[in-house]
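Novice: Structure below; questions to follow.
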Amino acid sequence: MAKNLVIVESPAKAKTISRFLGGKYKVLASMGHVMDLPKSRMGIDTEHDFEPTYLVSVDKKKIVSQLKDELKKADTLWLATDEDREGEAIGWHLLSALKVDPKKTKVLRIVFHEITEKAINEAVEHPRGVDQNVVNAQQARRVLDRLVGYELSPLLWKKIRYGLSAGRVQSVAVRLVVEREREILAFKTDEYWTITGDFDGGGGAFTAELQKFKNKKVEIHNEQESKNIVKELEGSEYKVVLVEEKQIKRSPAPPFITSTLQQEASRKLGFSVRKTMMVAQQLYEGVDIGGGETGLITYMRTDSVNLADSALKSAKEVITKEFGAKYALDSPRRYRGRKGAQEAHEAIRPVDFNLKPDDAKKFLDRDQGRLYELVWKRAIACQMQEAILNRVAADIEAFKGGEASSYIFRATGQTIVFPGFIEVYLEGRDYEEEEGPEGEKILPALKEGEDVKLNELHENQHFTKPPPRYTEASLVKKLESEGIGRPSTYAPTITTIMTRGYIEKEAKMLKPTDLAMVVTDMLVENFSDIVDYKFTAEMEDKLDSIEEGKLEWIPMVREFYTPFHKTIKEKDITLKKSDIISEKSDEVCELCSSPMVIKLGRFGKFLSCSKYPECKNAKAIESDSKPENAEENKAVEDLRRKFKDKKCEKCGKLMEVKTGRFGPFLGCSGYPECKNIMPIIVFSGVKCSKCSNGQLVERHTRKGGKIFWGCNKFPKCKNATWHKPVDLCDKCKNLRVEIEGNTLCTECDKEKFPTPRRRRG
């Protein structure tokens, strides 16, 4: 009979640990939290030091009963729950739920960073008690979240819509997404031009961009300015006036913490934050790789960038063996974590560096294998030598009649002298516009004073772009940089704001709903602290101080609750629902001539007559979202000019160019009496290169409305291209398209097409 009862959270973890401990230990799972605050009421006594009422969850009563039966057979209870706040609180709640008598049963707490036989045995040899400071930190967070949810959410129900929720972290996350969307909507697009030249020199071809005139940066605002410069450059000769060569070193990113793992898995694997944590949990708890279950990575909820000395030694051995001694470091590279990070923990790393990804994948499913490879490569790379890059820049000046014109073109390139860690892994980027050193762009061997030949000048039109919407990865990065939330909160926070209808995903980007806009405005105006970035970050710091034993949790909660509760009471009286969910508009009701107002409905904002319910006129609001770029904006204006005299064939009124989800369309100006709409077909004037019977026309993708060009004989002919058609090639009769101001044949010039970015790691 087992004299030792070990309790963990999950069956998978229990199965793995049981194999290591042997028959003297009975290992069972609590299936997560066994006790929580009641669902039907607040469960916090605000009059008596915020004492919480914890109850055994209904779905956990059977499990608790089973654990009680097993406890009767044991002399020692081992609490082996996770090493974070939640795990500590689960252990603490188990003592209460099981009614453990310390006089009869010895209670020991064990923690470990990895689930291996060595780590488990070491934990058993060095047990401790339940850390009440850590429990109190979790308890304070739970109480704060319950107070906000149970007092603020009902106010939202009364003033906006039933069923809404608010939270300390989730409402701040929503605010970030809302404010970014408003930045995008308010963004004013500006046109600018660049001039590039194709040159021959130094034994090869290269491209350079016009950068300076009379030692000042060239700024070209419109097409006319660009043409004026090109005209000035006519007949010029070109000479290399400066060559700069510089060798730089690049260091690898630190090993993963929770947030960076979520970001990279999103960038490189397309995982949601929630999926990343689910798969990481599986790798941590144990996978059968032949010989039984064993954990493959260390604990995945951590904000420490430290690696154990044993791990550093193992990594060096693997690097030397697999890549050669020149890739290994003489002494380990150590990283500094953020302020407040739990330095006693480890970063996320493979349990065994000798288990290479290709070998592990034989035992893993696709998602597990890809995430393990990511963790392994990142951890290995952080202990490899720096990459050495050789960067070259050359200035090309235009000369006329032997005299310098002061127009300077610049060509840049780089080569990898020594790949170092790049041989294994390179950190991803959230957006394509972000700079990165991957890949090689090699310049010919140019020399100062050398004459070079200009083959062609290119005038390139550009438009400034608004800041991009957040992705899950970039939102986590922003939350972390603001000090909002902690490793365990990022995934549930993002999941919550999406399931609550505050945020939608469009092409992996996070877009706020009308509901999010209204709720955020209401909270900012009336409960500024709740959605204030600095205030929320300070609350997280206070929770950390409670965990460290530097702050008492009850006074901290009282300091927050007293003014918060007072404001709730005041706003319950003073706030009017009509002031929140309605706003004025410039529209006039077509039925009664009264002003129309913008209201918030179940499916977003809509226009409603101010005389409702006497007049029940209502209609949808045309999309006020801006086109993705100025090219699209200009295209819409061109269409309006083109169809300004187009009349509706049903009622005879003028048709209007409107923008919908899938791009521009014609709608009758007599709406809502006449609801006639017509598609706008934009012909390219270029014959289809595949079927020869059709013509390429502008189309839009169903998701995101991105423009592409396809044959109008679809579905018989499925020829399509992302690039604007120009004509057919005289040589091969294939399609010629416009790419960044250049006209390229899809066959003859295919080597000149932009190369898709390779993903390393």
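Novice: Can you tell which of Lys316, Lys361 is outside the structural domain of Leu479 (by TED's automatic domain parsing), surrounded by 15 or more Cβ atoms within 10 Å (Cβ to Cβ), at pLDDT below 95 and not in a loop (DSSP other than H, G, I, E, B)?
Specialist: Lys361
Novice: I would also like to ask the following. Of the conditions (1) within 21 Å of Gly286 (Cα to Cα); (2) out of contact with any helix residue (DSSP H, G or I) (no Cβ under 7 Å at 6 or more places or on another chain); (3) of a type outside the set (Ser, Thr, Tyr), Glu47 clears all except one; give me its number.
Specialist: (1)
Novice: Quick one: in segment 558-594, which of the residues that are among the aliphatic types (A, V, I, L, M) and touching a strand residue (DSSP E or B) at 6+ places or on another chain (Cβ under 9 Å) is nearest to Leu515 (Cα to Cα)?
Specialist: Here the residue is Ile581.
Novice: Show me the helices (runs of 4 or more DSSP H) found entirely inside segment 479-564 where at least 2 residues are over 19 Å from the mean Cα position of the chain (by Cα) and among the basic types (Lys, Arg).
Specialist: Output list reads 533-547.
Novice: A follow-up question, please. Within the set of pairs 6+ apart or on separate chains, which have a first residue in segment 17-32 that is farther than 22 Å from Lys62 by Cα, a second that is in a loop (DSSP other than H, G, I, E, B), and C-beta atoms under 8 Å apart?
Specialist: Here the result reads Ile17/Ala80; Ile17/Ile115; Arg19/Gly292; Phe20/Thr116; Gly23/Ala2; Lys24/Ala2; Lys24/Lys3, each pair linking segment 17-32 to a residue that is in a loop (DSSP other than H, G, I, E, B).
A quick yes/no check of all residues on (1) more than 38 Å from the chain's Cα centre (by Cα); (2) at pLDDT 90 or above; (3) in the same structural domain as Val27 (by TED's automatic domain parsing); (4) closer than 30 Å to Ile348 by Cβ:
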{"site": "Ser65", "(1), (2), (3), (4)": "yes, yes, yes, no"}
{"site": "Lys68", "(1), (2), (3), (4)": "yes, yes, yes, no"}
{"site": "Leu79", "(1), (2), (3), (4)": "no, yes, yes, yes"}
{"site": "Gly87", "(1), (2), (3), (4)": "no, yes, yes, yes"}
{"site": "Ile90", "(1), (2), (3), (4)": "no, yes, yes, yes"}
{"site": "Arg109", "(1), (2), (3), (4)": "no, yes, yes, yes"}
{"site": "Glu125", "(1), (2), (3), (4)": "yes, yes, yes, yes"}
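Novice: I would also like to ask the following. Pick from segment 29-47 the residues that are more than 34 Å from the chain's Cα centre (by Cα) and not in a loop (DSSP other than H, G, I, E, B): which of them is surrounded by the fewest Cβ atoms within 10 Å (Cβ to Cβ)?
Specialist: Across segment 29-47, the extreme among qualifying residues is Asp45.
Novice: Do the conditions hold for Val177, that is, is it surrounded by 14 or more Cβ atoms within 10 Å (Cβ to Cβ), over 30 Å from Val241 (Cα atoms) and modelled with pLDDT of 90 or more?
Specialist: The answer is yes for Val177.
Novice: Oh, and also: Assuming Pro255 fulfils every condition listed in (1) farther than 30 Å from Val452 by Cα; (2) out of contact with any helix residue (DSSP H, G or I) (no Cβ under 7 Å at 6 or more places or on another chain); (3) modelled with pLDDT of 95 or more apart from one, which condition is it?
Specialist: It fails just one condition, (2).
Novice: Considering segment 186-207 alone, what residues qualify as being surrounded by 15 or more Cβ atoms within 10 Å (Cβ to Cβ) and more than 24 Å from Ile220 (Cα to Cα)?
Specialist: Listed by number, the residues that qualify are Gly201, Gly202.
Novice: Do we find a residue being of a type in the set (Gly, Ala, Ser), in a helix (DSSP H, G or I) and surrounded by fewer than 20 Cβ atoms within 10 Å (Cβ to Cβ) anywhere in segment 121-139?
Specialist: no
The values are calculated or read from the model by the stated rules, or taken from the named source; none is laboratory data. Note that the structure is a prediction, hence the values are computed from the model and not measured. In this analysis, Cβ positions are derived from the backbone assuming ideal geometry, glycine residues included, and neighbour counts consider all displayed protein chains.
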